[in-house]
Amino acid sequence: METYTAWKAMLTKGDPVTLWQRLYVYFYQAFIEKDRWQQYLSGVGTTLYVTVLALLLGIVLGLLVAVVRTSHDQQRPGHKNPFLGVLNGIFKVYVTVIRGTPMMVQLLIMGFVIFSSSREFKLVGALTLGINSGAYTSEIIRGGLMAVDRGQMEAGRSLGLGYTDTMRFIIIPQAIKTILPSLGNEFIVLLKDTSLISVIGGQELLYAARAIVSRTYEAMFPYLGAAFVYLILVMIFTWLLGILERRLRNSDH
């Protein structure tokens, strides 16, 4: 502490200091002074909280949209369900709008227009990220469902299974193994996109780094620290995804 105080005073006065002394002062005030490391830790907690909520919402939305659109496309000629057609049209618009507009714009609309009176920034951010992820996830899942041989559906129906049970026990498990790498990539993108909720006041990891920069007037270590934490989180997530992929491959043997 005494070393930091002395070197910081030298830096403030403009006295000559070595590169090591300058880096030490910047590092100390970015992470240690006033226990600022706790702000990063709090930001990580918010990041993971928003990621989990958005991930769950994205999976539910994506699966729903994918199943409806696949069911609509696989209807037999002359046996079209009008209700399914309406849902398919709504979901096509949803996917087109979400995929056709930037995430930042969606967050600004949700945070400052639709939920302008809300102070629940984390929930608004999670909702927006989940809706955005659902559109991309639905296309990934739909591609996997369409890739499963149509004979699998016919085999399930010939065994007396209904459409829902055939999808649940036969089609979806096969599709998951095919689309898991693409889903994993989408979830990693979702984790990194949580940094955007700081624009509407979400106090996640990047928000914490920016707050420290505004107090220390030095940006290198706060932003490098935030980038390092994101990297570690992505590496952990990738490792867990790899374990899941290996287990699914082993289940085929």
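Taking the C-alpha atoms only, the angle from helix 37-73 to the longest principal axis of the chain is near 20 degrees.
When percent of Cα pairs over 35 Å apart is calculated for this entry, the matching label among [x] 13; [y] 9; [z] 35 is [z].
If you put +1 on each Lys and Arg Cβ and -1 on each Asp and Glu Cβ, how big is the dipole of the chain around its Cα centre, in Debye rounded to 20? The calculation lands at about 340 debye. Relative to the dominant Cα principal axis of the chain, helix 172-193 is inclined by about 30°. When only Cα pairs below 8 angstrom with a gap of at least 6 residues are kept, region 101-253 shows a relative contact order of 25 percent. For the chain, the longest principal axis of the alpha carbon atoms and the long axis of helix 220-250 meet at an angle near 30°.
Between the residues Ala54, Ser195, Ile172, the greatest Cα displacement towards the positive end of the dipole of the chain, with unit charges on the Cβ of Lys, Arg, Asp and Glu, is found for Ile172. For region 1-121, the Cβ-based charge dipole about the Cα centre amounts to some 460 debye (Lys, Arg positive; Asp, Glu negative; other atoms uncharged). When only alpha carbons of region 201-253 are considered, Rg and Dmax amount to 17.5, 58 Å. Cα centroids of region 179-253 and region 101-120: 21 Å apart.
Averaged over residues, the count of other Cβ atoms within 10 Å places the peptides 207-216, 61-70, 239-248, 127-136 in the sequence 127-136, 61-70, 207-216, 239-248, highest first.
Throughout, read-outs are computed from the coordinates displayed, never taken from laboratory work. From a predicted model like this one, the values you see are computed outputs, not experimental measurements. Positions of Cβ are backbone-derived with ideal geometry, glycine not excepted, and every protein chain shown enters the neighbour counts.
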